[in-house]
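So the structure is just underneath, and the comments pick up after that.
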Amino acid sequence: MFKKILIANRGEIARRIIRTCKRLGIEPVAVFSEADTNARFVCDVEEAYCIGKPPVNQSYLNSDAIIRAAKKCGAEAVHPGYGLLSENAAFARKCLEAGLVFIGPDPDVIASMGSKIGARKMMKEAGVPVIEGVDCPLEDASAAVQAAREIGYPLMLKASAGGGGIGMQLVHSEAELLKAFAGNRKRAELFFGDGAMFLEKYIPEPHHIEVQILADRYGNVVPLWERECSVQRRHQKVVEEAPSPFISEKTRQQMLDAAVQAAKHIGYTNAGTVEFIVDREQNFYFLEMNTRLQVEHPVTEEITGLDLVEEQLKVASGEPLSFTREDVRKSGHAIEVRIYAEDPETFLPSPGKITALTLPEGEGIRNESGVAAGSNVTPFYDPMIGKLIARGKTRGEACKRIKAALEDYKVEGIKTNVPMLMKTVGHPQFLKGYTTTEFVRDYIVKPNQD
């Protein structure tokens, strides 16, 4: 096992990784921007290095500065967390060239899954169901129109690179497609440096369900059940739960099999997530693969009893998985909500100083927080400030606990999405366990607001 690890991330995920490192006797090292000098994750470690000014491209995306810090402190490995450089194949490759272990899959695997178009092709080769669509970049709006005529509306226009819903739009007609194409391609170029666009057939009443997998260097791939992530705003997840309350046991096993099939086909190692779109008849189709730890990994930990960061570290250090698919039992139900520093009505970021913060406690309650009273939420980074997780013996118990915990979640000085989350987890449709990706639009957001 490693003795010293550098964490190339910030906020709550940096604190989450630090906690496991300390428990395992591994020395964690942090890097931070000038804006995060007094951040909680920096205070959690004994050794930390400033890597640049607040903008992400001058700090947390500055791969050379991060690698210099890792070499300076004598770290053996780099954990990228999620977001930022976690799915950057070039960064993973630089780490390996510098003699550092990158805690994640091989750079070539990251690159292959980083292109949604390329990933579609590979999943077809693997025999995994894929949504009808195009398997090459659309050169221009005319090419998009021609492809759309062959597939038929409605369609999802998507950016091949990146994520977070950027460059993605539902289109119902040729006029909507022509209007959307240039703007979405420009956004994709701006955020990802890659404006490649493609089209997929739109699935009505779509459920977003994903399978967490762990894979070692010896060909062992174990699925850790699934998560329902259908409650989203602007294609960004806000509530996740495990297991899914929607799918049957037969569908569940088929999805787990497909995820293992996908991982083995591409030679995947470490933690990863195979994401699927599931229709109302429970037909499922490959959506994308996230080649990293997910924001929502705590709900999987809560129902399996595993520490996914610990498992990542073991695999990266060369250990085989110590369990099989049959060994991993699911117990109870877990729900996670993402706490954002944002206006609950408009979803616009709400930066500022947190003047008071009270986190809920109690049986089955878990907090993953990157802030405290006195913390400054800056406009430079993603506005998620923490996650709240509730576990219960049943889904009903988990729902009651998450709702009660949200009522006790107090943040002053900035606006948060807590009111919106309370409305969500208390809504009859959510309590029924039938939430599609259109849930927020249909039940939570006021008409004409989004």
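Bear in mind that the values in this text are calculations on the coordinates, not laboratory data. As the structure is a computational prediction, the values presented were derived from the model and not from experiment. FYI the Cβ positions are ideal-geometry reconstructions off the backbone, even for glycines, and counts take in every protein chain you see.
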- Radius 12 Å from Cβ of Lys72, net charge of other residues (Lys, Arg +1; Asp, Glu -1): +2
- Net lengthening on full extension, Asp279/Asn57 (0.36 nm per residue, minus Cα-Cα): 76.1 nm
- Message: Residue by residue through region 419-424, what is 3J(HN,Hα) from phi via Karplus (6.51 cos²θ - 1.76 cosθ + 1.60, θ = phi - 60°)? Round to whole Hz and write x for glycine and proline.
- Response: x, 5, 5, 4, 5, 5
- Note on the structure: Note to self: C-alpha centroids of region 7-33 and region 399-450 sit apart, in Å, by 30
- Query: What number comes out for the charge environment of Gly370, summing +1 per Lys or Arg and -1 per Asp or Glu over other residues with Cβ under 13 Å away?
  - Reply: +2
- Euclidean distance between Cα centres, region 333-394 to region 111-186, Å: 33
- Item | Charge dipole of the chain about the Cα centre (unit charges at C-beta), most positive-ward option of Gly164, Pro28, Val238 | Pro28
- Message: What are the ³J(HN,Hα) couplings of region 189-200, residue after residue, when phi is run through the Karplus curve with 6.51, -1.76, 1.60 and θ = phi - 60°? Round to Hz, x for glycine and proline.
- Response: 4, 5, 7, 10, x, 8, x, 4, 10, 8, 10, 9
- Query: Just one of (i) 0.94; (ii) 1.12; (iii) 1.04 is Cα Rg over 2.2 N^0.38 Å as worked out from the coordinates here. Which one is it?
  - Reply: (i)
- Hey, what number do you get for the chain at 222 nm if only DSSP H runs of n ≥ 4 count, each worth -39500 (n - 2.57), divided across all residues, to the nearest 500? -9500 deg cm²/dmol
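For region 1-101, what is the charge dipole size about the Cα centre, in debye to the nearest 20, if Lys and Arg each add +1 at the Cβ and Asp and Glu each add -1 at the Cβ?
Dipole of region 1-101, to the nearest 20 debye: 180 debye.
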- Task: For a footprinting-style exposure proxy, rank Ser317, Ser63 by other Cβ within 10 Å, fewest first.
- Result: Ser317, Ser63
- Query: How high is the relative contact order of the chain, in percent, counting Cα pairs under 8 Å that sit 6 or more residues apart?
  - Reply: 14
- Note on the structure: Here P(r) for region 22-84, Cα-Cα distances in 10 Å bins, as whole percents, is 21, 58, 20, 1
- Task: Just add up the charged neighbours of Ile213: K/R +1, D/E -1, any other residue whose Cβ is under 13 Å from the Cβ of Ile213.
- Result: -2
- In which sequence would Phe323, Phe181, Phe102 go, from the one with the fewest C-beta neighbours within 10 Å to the one with the most? Phe323, Phe181, Phe102
- Message: Can you compute the FRET efficiency between Arg19 and Ala182 using 1/(1 + (r/R0)^6), with r the Cβ-Cβ distance and R0 = 56 Å? Round to the nearest 0.05.
- Response: 0.80
- One finds, for Asp140 and Lys423 with R0 = 35 angstrom and r their Cβ-Cβ distance, a FRET efficiency to the nearest 0.05 of 0.25
- Query: Fewest to most neighbouring Cβ within 10 Å: what's the order for Thr273, Thr324, Thr251?
  - Reply: Thr324, Thr251, Thr273
